[in-house]
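The values are calculated or read from the model by the stated rules, or taken from the named source; none is laboratory data. Here the structure is a predicted model, which means the values were calculated and not measured. For neighbour counting, all protein chains shown are included, and Cβ atoms are generated from backbone atoms with ideal geometry for every residue, glycine included.
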Amino acid sequence: MSPARPLTVPPALARSYAAAFGEEGRAWLAGLPELAAAMLERWELRRDGEPGSGEASLVLPVRRADGTPAVLKLQLPRPEARAAVVGLRAWDGAGIVRLLDHDPASGTMLLERLDASRSLADVADDDTALRVLAGLLARLTARPAPAGLPGLGTVAAGMLEEAPRAAGALADPADRRRLTDWAAAVAELAAEPGDRLLHWDLHYENVLAAEREPWLAIDPEPLAGDPGFDLWPALDSRWAEVVAPDPRRVVGRRFDLLTETLGLDRARAAGWTRARLLQNALWDIADGEHALAPEAVALADALPAR
């Protein structure tokens, strides 16, 4: 069923696509209303609210032919989006939003609808929010990664290759020593990268309220690897509000709860968390930064010593 009114691309999505994908992104956005209409007709959907968007996708509330609420997620077909489909199919709704249908040609997903107005970031008590997230993360990473996903071993090897060049771009010798130390932690672990199905981006805003379960994860960027590599987004969540006033205490408490809930070796989990700090730093340096992010330094200082 075609939409009753034209689809307007949110300005934030237009800016994001132009910045990230250039002419390819602008061309995809130009065809987005037509693509949405085709998917609505193909799956017999009707629009049921205003579109929302993130940096990489447009999310359109819809109802299926039987009245069931759902969302249509439209995005430029890229490897990350294809990996998300592989992961969502493997999880099959266990602790995470359920994939209802998928169009491989366009990358469009039909997903169950969650409550986008309520995330774990809205839960005032940090212990309560973290326990919910840790429980979901334990369920998600308990599953072996299916074939067809990128692996942490490859990611780690790429970081180790890039780290020496990146360290040279940092202005402060203390920052250079830190980045080198993070790379050394990765080198110690790289031979055993793990084989679990990782979410890669499970922070408070990526856990939404739901009816099927009280809370469900969304927006995975699946990767095969060690669950310790999945802790950083939770440790970093609500940084300015909750963590920054007392990072050693809050990060330490969060790290203890996460590693206990997931049954992780603390030393390995700390090493893989340093790998996430390294990865973020490499991205920042590639974007022209010449200093490590202060929150990354504070988080690193709160982790168990190597």
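Listing for the model above:
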{"quantity": "Failed item, numbered, when Val85 is tested on (1) over 16 Å from the mean Cα position of the chain (by Cα); (2) under 24 Å from Leu149 (Cβ atoms); (3) modelled with pLDDT of 95 or more; (4) of a type outside the set (Lys, Arg)", "calculated": "(1)"}
{"quantity": "Filter result for Glu24 (in the same structural domain as Arg64 (by TED's automatic domain parsing), surrounded by fewer than 18 Cβ atoms within 10 Å (Cβ to Cβ), in contact (Cβ under 8 Å) with a residue 24 or more places away in the chain and of a type in the set (D, E, K, R))", "calculated": "yes"}
{"quantity": "Residues (surrounded by fewer than 20 Cβ atoms within 10 Å (Cβ to Cβ) and in a helix (DSSP H, G or I)) located in region 225-246", "calculated": "Pro233, Trp239, Ala240, Glu241, Val242"}
{"quantity": "Matching residues, region 107-158, being basic (Lys, Arg) and in contact with a strand residue (DSSP E or B) (Cβ under 7 Å, 6 or more places away or on another chain)", "calculated": "Arg113, Arg118, Arg143"}
{"quantity": "Residues of region 55-87 that turn out to be among the hydrophobic types (A, V, I, L, M, F, W, C), surrounded by 21 or more Cβ atoms within 10 Å (Cβ to Cβ) and in a helix (DSSP H, G or I), as a count", "calculated": "1"}
{"quantity": "Failed condition for Val250, given (1) buried (at least 16 other Cβ atoms within 10 Å of the Cβ); (2) within 20 Å of the chain's Cα centre (by Cα)", "calculated": "(2)"}
{"quantity": "Test for Ala269: is it surrounded by fewer than 17 Cβ atoms within 10 Å (Cβ to Cβ), in the same structural domain as Ala129 (by TED's automatic domain parsing), part of a helix (DSSP H, G or I) and among the small types (Gly, Ala, Ser)", "calculated": "no"}
{"quantity": "Residue count for region 144-192, restricted to those that are surrounded by 15 or more Cβ atoms within 10 Å (Cβ to Cβ), within 16 Å of Pro227 (Cα to Cα) and out of contact with any Gly (no Cβ under 8 Å at 6 or more places or on another chain)", "calculated": "2"}
{"quantity": "The one condition in (1) part of a helix (DSSP H, G or I); (2) at pLDDT below 95; (3) not charged (D, E, K, R) that Ala296 fails to fulfil", "calculated": "(2)"}
{"quantity": "Per-region count, region 88-104, residues outside any strand (DSSP E or B) and farther than 24 Å from Glu41 by Cα", "calculated": "6"}
